[in-house]
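To start, the structure under review is shown below, and the notes come after it.
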Amino acid sequence: IMACIIAVNIVYYMDKRFKVSNSTMLIFAGGGYVISLLSASYSGLLDSFLGERLQFYHKAITWCFCPANSFIVAMIYIVIGKILAENNWENWWISKPRIKTALLYVFVALLGIVEIHVLRWSVLVNDAWVFLPSLTLLGFILLLQTDINIKPTVARWMRNVSILVYILHSIFQYANIRLLHLGNGPQMFI
């Protein structure tokens, strides 16, 4: 939650106070996401290219600052959301056939599964993957393209449960790792 709050404030000030363009913010956020990748799922791969001394600094920065679990990783999602909201891409995507979006979603999900499988030896933290922002965006667009009629009381209940899951997920993550011994892999999130 704090990562989201910080990222929203940074994007707001970059836009309103410093007049940074959306494309520059996207490049900035993308660079931050690459830092998150190198400290999380690509950590072992990076360490294989670093010398012993640099590996020590990389591990120290990762464990102290944890970029993959901070505002750095949240920035890309906030900037993408800002771009979508301002450019009214919602209407453009809704007009596209849902089957094309669904097929693209499945394709990107398969690429993500391959990425996770190939890099499972390299993972330090499972919070940042190359295909995750694309998969999140496509999932959001697929939901926008889907006409769902829900009663307001059910929608309110689902929103409240969603907030609880968001706030409490680390407790379940800890229980999965420590008590159920599922490990820190993708199966934990399922």
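The values are calculated or read from the model by the stated rules, or taken from the named source; none is laboratory data. Computed from a prediction, not measured in an experiment: that's the story for all the values here. Ideal geometry is used to build each Cβ from the backbone, glycine not excepted, and the neighbour counts take in all protein chains shown. Calculation scope for accessible area: heavy atoms of the full protein, side chains included, ligands and nucleic acids excluded. Shrake-Rupley method; radii C 1.70, N 1.55, O 1.52, S 1.80 Å.
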Residues that are of a type in the set (Phe, Trp, Tyr), within 16 Å of ILE76 (Cβ to Cβ), part of a helix (DSSP H, G or I) and modelled with pLDDT under 95, drawn from segment 1-54 = TYR33
Out of segment 61-70, which residues are surrounded by fewer than 19 Cβ atoms within 10 Å (Cβ to Cβ) and not β-branched (Val, Ile, Thr)?
-> TRP63, CYS64, PHE65, CYS66, ASN69
Could you grab me the full set of residues in segment 135-169 that are within 27 Å of PRO97 (Cβ to Cβ) and open to solvent by less than 70 Å² (accessible area, probe 1.4 Å)?
-> LEU135, THR136, LEU137, LEU138, GLY139, ILE141, LEU142, LEU144, GLN145, THR146, ALA155
Lone qualifier among ALA102, ALA175, ALA128, ALA155 - being part of a helix (DSSP H, G or I) and touching a residue at least 12 places away in the same chain (Cβ under 8 Å) = ALA102
Could you figure out which of (1) surrounded by fewer than 19 Cβ atoms within 10 Å (Cβ to Cβ); (2) part of a helix (DSSP H, G or I) isn't true of ILE78?
-> (1)
Do you know which of the residues in segment 24-37 that are free of Cβ contacts under 8 Å to residues at least 12 places away in the same chain and within 19 Å of the chain's Cα centre (by Cα) is least open to solvent (accessible area, probe 1.4 Å)?
-> GLY31
